[in-house]
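Single-structure report; data block below.
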Amino acid sequence: MRSFKGTGVAVVTPFTTAKEVDYPALKKIINNLIHNKVEYLVMLGTTGESVALTKEEKKKIIDTARETIAGRVGLVIGIGGNYTDEILKTIKETDFNGIDAILSVSPYYNKPSQKGIYQHYKAISEATSLPVILYNVPSRTMSNIAAETTLQLANDCKNIIGIKEASGNFEQCMMIIRDKPEGFLVISGDDVITLPLISMGMDGVISVIANAYPLEFSNMVRAALKGDIKEAAKLHYQLLAVMQHIYLEGNPAGIKALLHTKGFSENILRLPLCPVSEGLYGKLKAL
């Protein structure tokens, strides 16, 4: 099994000006990320606008990523939603050749109980032999995976190997880190607070900013994991302003604007998401 310590990147889905998936640009982005030494890639996540993609597009994106990566780094794909049976069907229909793990967001909109969240993930765990990474992002789902639920899943389901924690709740994160079984990964879902979270015992990050600054950000994470906080802090503060600004008008609008300034892809999103304002685009370009 691949290690998911270090820097994973929540890869954007680039679009053409006609709002079709730009597969050549996707290959360019993937190759740049691998060249700049990130540890693994995550396709079809929030940053990849997965909810605005058709089933056919998702399949082609997975195929493109698998072929482009060619085993050079780990590949994680997002399979999540708020209807458990539909997720189980998707898992059954997916070709997992060359895929190393599943990242599954906690059910959104339904606002399930902790029992419902537990049973949801238990069903996913039983439907696949692949490693599963939980994804807790209450700001989007309006539902938090409690530390107790995470720990119960970590102990009960052998192939649930970690959690991407994007709650921003330091106390909750510390409870998971303190009480987790050996080998269970706790991964930051917030670029801006990744450094302090690693200092508390987290194993790395699934990053947005690393789409544009893969070498700088992954070097920061590696330094932090080695305990070189001085070097990590230096890199962190170099990136802090741009990390703050890419989220001001939503994700992935900010990171797509930044990638456009660097010549990787068009500054195009699918409705209901919109590109950032001219003012923020100019600020990002300046930064």
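The values are calculated or read from the model by the stated rules, or taken from the named source; none is laboratory data. Not measured: the values here are computed from a predicted model. Cβ atoms come from the backbone with ideal geometry, glycine included; neighbour counts cover every protein chain shown. Ligands, DNA and RNA are excluded from the accessible area calculation, which covers all protein heavy atoms including side chains. Shrake-Rupley method; radii C 1.70, N 1.55, O 1.52, S 1.80 Å.
Within the bounds of segment 24-31, is there any residue that is under 20 Å from PHE96 (Cβ atoms) and open to solvent by 30 Å² or more (accessible area, probe 1.4 Å)?
no
Condition check: under 18 Å from VAL38 (Cα atoms) and in contact with a helix residue (DSSP H, G or I) (Cβ under 9 Å, 6 or more places away or on another chain). Does ALA212 satisfy that?
Working: under 18 Å from VAL38 (Cα atoms): yes; in contact with a helix residue (DSSP H, G or I) (Cβ under 9 Å, 6 or more places away or on another chain): yes.
Yes; evaluated as a whole, the condition is true for this residue.
Can you find, within segment 126-141, the residue that is most open to solvent (accessible area, probe 1.4 Å) among those that are under 16 Å from LYS164 (Cα atoms) and out of contact with any Gly (no Cβ under 9 Å at 6 or more places or on another chain)?
ARG140
Would you be able to tell me the number of residues in segment 103-159 that are in a helix (DSSP H, G or I), among the β-branched types (Val, Ile, Thr) and within 20 Å of the chain's Cα centre (by Cα)?
Final tally of qualifying residues: 4.
Can you work out which of the residues in segment 220-239 that are open to solvent by 60 Å² or more (accessible area, probe 1.4 Å) and of a type outside the set (Lys, Arg) is nearest to the chain's Cα centre (by Cα)?
LEU225
Just to be sure, is ILE163 under 28 Å from ALA123 (Cβ atoms), open to solvent by less than 40 Å² (accessible area, probe 1.4 Å) and not in a helix (DSSP H, G or I)?
Judged against the criteria, ILE163 is a match.
How do the pairs read when you match residues in segment 154-180 that are touching a residue at least 24 places away in the same chain (Cβ under 8 Å) with residues anywhere that are of a type in the set (Phe, Trp, Tyr) and assigned to a strand (DSSP E or B), using Cβ under 6 Å and keeping only pairs 6 or more apart or on different chains?
These pairs meet every condition: LYS164/TYR135.
Could you list, in sequence order, all residues of segment 167-187 that are open to solvent by 10 Å² or more (accessible area, probe 1.4 Å) and either at pLDDT below 95 or of a type in the set (A, V, I, L, M) (or both)?
Of everything in segment 167-187, those that are open to solvent by 10 Å² or more (accessible area, probe 1.4 Å) and either at pLDDT below 95 or of a type in the set (A, V, I, L, M) (or both) turn out to be MET174, MET175, ILE177, LEU185.
Could you grab the pairs with beta carbons closer than 8 Å, sequence gap of 6+ or different chains, first residue in segment 240-258 and open to solvent by less than 10 Å² (accessible area, probe 1.4 Å), second one among the polar types (S, T, N, Q)?
From residues that are open to solvent by less than 10 Å² (accessible area, probe 1.4 Å), the pairs are PRO252/THR46; PRO252/THR47; ILE255/THR47; ILE255/ASN211; LYS256/SER265; LYS256/ASN267; ALA257/ASN267; LEU258/ASN211.
Given the structure, is ASP190 over 17 Å from GLN152 (Cβ atoms), open to solvent by 40 Å² or more (accessible area, probe 1.4 Å), under 15 Å from the mean Cα position of the chain (by Cα) and modelled with pLDDT of 95 or more? Spell out the reasoning first.
Numbers: over 17 Å from GLN152 (Cβ atoms): yes; open to solvent by 40 Å² or more (accessible area, probe 1.4 Å): yes; under 15 Å from the mean Cα position of the chain (by Cα): yes; modelled with pLDDT of 95 or more: yes.
Against the criterion (over 17 Å from GLN152 (Cβ atoms), open to solvent by 40 Å² or more (accessible area, probe 1.4 Å), under 15 Å from the mean Cα position of the chain (by Cα) and modelled with pLDDT of 95 or more), ASP190 qualifies.
Got a number for residues in segment 71-86 being closer than 16 Å to MET43 by Cβ and either assigned to a helix (DSSP H, G or I) or among the aliphatic types (A, V, I, L, M) (or both)?
Qualifying residue count for the region: 5.
Pairs, please: C-beta under 6 Å, at least 6 apart or cross-chain, first residue under 22 Å from LYS5 (Cβ atoms) and in segment 58-87, second surrounded by fewer than 19 Cβ atoms within 10 Å (Cβ to Cβ) and among the acidic types (Asp, Glu)?
Going by the 6 Å Cβ cut-off, there are no qualifying pairs.
If you go through segment 182-203 one residue at a time, how many are part of a helix (DSSP H, G or I) and touching a strand residue (DSSP E or B) at 6+ places or on another chain (Cβ under 8 Å)?
The total comes to 3.
Among the residues of segment 32-57, how many are farther than 16 Å from LYS256 by Cβ, open to solvent by less than 60 Å² (accessible area, probe 1.4 Å), touching a helix residue (DSSP H, G or I) at 6+ places or on another chain (Cβ under 9 Å) and in a helix (DSSP H, G or I)?
Number satisfying all stated conditions: 1.
Looking at (1) under 23 Å from LEU258 (Cα atoms); (2) touching a Lys or Arg at 6+ places or on another chain (Cβ under 7 Å); (3) in contact (Cβ under 8 Å) with a residue 60 or more places away in the chain; (4) open to solvent by less than 10 Å² (accessible area, probe 1.4 Å), can you tell me which one ALA212 breaks?
(3)
So is LYS92 under 26 Å from GLU266 (Cβ atoms), open to solvent by 70 Å² or more (accessible area, probe 1.4 Å), part of a helix (DSSP H, G or I) and charged (D, E, K, R) or not? Please lay out each step first, then the result.
Details: under 26 Å from GLU266 (Cβ atoms): no; open to solvent by 70 Å² or more (accessible area, probe 1.4 Å): yes; part of a helix (DSSP H, G or I): yes; charged (D, E, K, R): yes.
Taking the combined requirement at face value, the residue does not satisfy it.
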